[in-house]
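Read the structure below first, then the notes.
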Amino acid sequence: MQLLQDLKEFINKEGLFSPKETLLVAVSGGLDSVVLCELCHLAGYDLKLAHANFQLRGEESMRDEAFVIEFARRLGKEVFIRRFDTEQYARENKCSIQVAARELRYKWFEEIHPGIIVTAHHLDDNIETLLMNFFKGTGIAGLRAILPRQGRIVRPLLFATKERLQQFAQERGLAWVEDSSNASEKYTRNYFRHELIPMLQSVYPAVTRNLGENIQRFREIETLYKQAVGRHKDKLLVRKGNEVHIPVLKLKKMQPLNTLIYEIIQDLGFSSQQVGAVVELLDSGSGKYVLSATHRILKDRNWLIISPLTAAAADHVLVEASEGRVLYEGGELRFRMLASDDKIVPTDSSAEAWLDAAAIQFPLLLRKWRPGDYFYPLGMRKKKKLARFFIDSKLSLARKEKVWVLEMDKKIIWVVGMRIDDRFRLTAGTRKVLKIEISE
């Protein structure tokens, strides 16, 4: 059987799994997954079956479940069955039914099996994915479509067309069930499958083979592309704890700039539509930033600083309001705005800063001190480098490593927990006071 031989060769070429591994095969009961199970069984692989019943098609869903149970019995294989309330999951997570089903099944597969998970995606699926990605707008990763292996998930049928699978099933006398939703035009993939691709085949009869070969070329191009991007990242990115620092002047010289910025930020929750905003940061003033759901890109002098939004995990924390609390590695800062007639009695506590609010503009930047930093210590008219200030204060090396500063427009206004800057002290003319206190 040529299909079986081709399957083994594809598995070996792509390094999908070893013959001794136990496989969990995702089985819907349709043609593709039935053929996949039959091939794996004939190849002598140790396999278990898993069927996710999404309960979206009423009696038809129950029919599919019963079919898979009987199919596993005939093969003599263990089968896992799970029913999901897919519609409820989609509502609660505000996602489409397709996304809900995908998330539910893969999470379940990983829960029940610690090894290789096998799915029945074939070449026609991959071509549909390529074309859908192309028309939606994509980069090189979208053009290479579905990979044979992603983590523990493998797809050993990506070399084979649907037509070859049908021929094999007929030759072997296999039975399968048809999913009526595969004929519905309300799904985008079905439009590509039933309308667009047949039209392309009428003009280019070899389109399936040609696009399959293109996918392989795009995979190889992606490898070269990633190598080039990786070299640029190595030159640009300075990792400091949970943060990434990027020198602005060096980044501005890079070409193609937009593409490189996208590759740097895409895994941190930023979209391609935000690339332009990041480019604008390069020529903006300090304190400007761009947000994703999980990270902030902050312009700080000649650097872009990418940090997690969880302040306790960041070395740079943006303070945007004069009232409230800010968490950071050293604890918590509490900010309050007071009027000068509020019977203000400043204390000498190093855990508090009493500042002239008129001299301060938000946002402020809370960060760890760095060599070269200086300020004007309270009571002094001359600037002093923090390194010298620490020596005079007899700080240990361990204590110095934990010092944070609060900065405004490149000026340090408070060495947190130690001393404020004299330029921001209270005076006889002070009308409003910004009080900041540390809560460990």
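Okay, here's what the table says:
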quantity: Residue selected from region 56-76 under the condition in contact (Cβ under 8 Å) with a residue 40 or more places away in the chain and charged (D, E, K, R), by the criterion farthest from residue 182 (Cα to Cα); calculated: 63
quantity: Pair list, Cβ under 6 Å, 6 or more apart: region 172-198 residue in a loop (DSSP other than H, G, I, E, B), other residue β-branched (Val, Ile, Thr) and at pLDDT 90 or above; calculated: 174/34; 176/34
quantity: Residue in region 286-295 that is over 16 Å from residue 140 (Cα atoms), of a type in the set (Gly, Ala, Ser) and in contact with a Phe, Trp or Tyr (Cβ under 8 Å, 6 or more places away or on another chain) present; calculated: yes
quantity: Unmet requirement for residue 92, which otherwise passes all of (1) surrounded by 13 or more Cβ atoms within 10 Å (Cβ to Cβ); (2) within 16 Å of residue 55 (Cβ to Cβ); (3) acidic (Asp, Glu); calculated: (1)
quantity: Residues (assigned to a loop (DSSP other than H, G, I, E, B) and out of contact with any Ser or Thr (no Cβ under 7 Å at 6 or more places or on another chain)) located in region 204-250; calculated: 204, 205, 206, 237, 241
quantity: Boolean, residue 130 is buried (at least 21 other Cβ atoms within 10 Å of the Cβ) and either in contact with a Cys (Cβ under 8 Å, 6 or more places away or on another chain) or not in a strand (DSSP E or B) (or both); calculated: yes
quantity: Out of 406, 386, sole residue that is open to solvent by less than 40 Å² (accessible area, probe 1.4 Å), in contact (Cβ under 8 Å) with a residue 40 or more places away in the chain and within 25 Å of residue 318 (Cβ to Cβ); calculated: 406
quantity: Residue match in region 318-325 (condition: farther than 20 Å from residue 359 by Cα, in contact (Cβ under 8 Å) with a residue 24 or more places away in the chain and surrounded by 16 or more Cβ atoms within 10 Å (Cβ to Cβ)); calculated: no
quantity: Top-ranked residue in region 344-382 [being small (Gly, Ala, Ser), within 20 Å of residue 409 (Cβ to Cβ) and open to solvent by less than 60 Å² (accessible area, probe 1.4 Å); ranked as nearest to the chain's Cα centre (by Cα)]; calculated: 372
quantity: Pick from region 199-247, criterion open to solvent by 70 Å² or more (accessible area, probe 1.4 Å) and touching a residue at least 60 places away in the same chain (Cβ under 8 Å), ranking: nearest to residue 140 (Cα to Cα); calculated: 221
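The values are calculated or read from the model by the stated rules, or taken from the named source; none is laboratory data. Because the structure is a prediction, the values reported are computed rather than measured. Heads up, the Cβs are rebuilt from the backbone with ideal geometry, glycines too, and the neighbour counts pull from every protein chain shown. Calculation scope for accessible area: heavy atoms of the full protein, side chains included, ligands and nucleic acids excluded. Shrake-Rupley method; radii C 1.70, N 1.55, O 1.52, S 1.80 Å.
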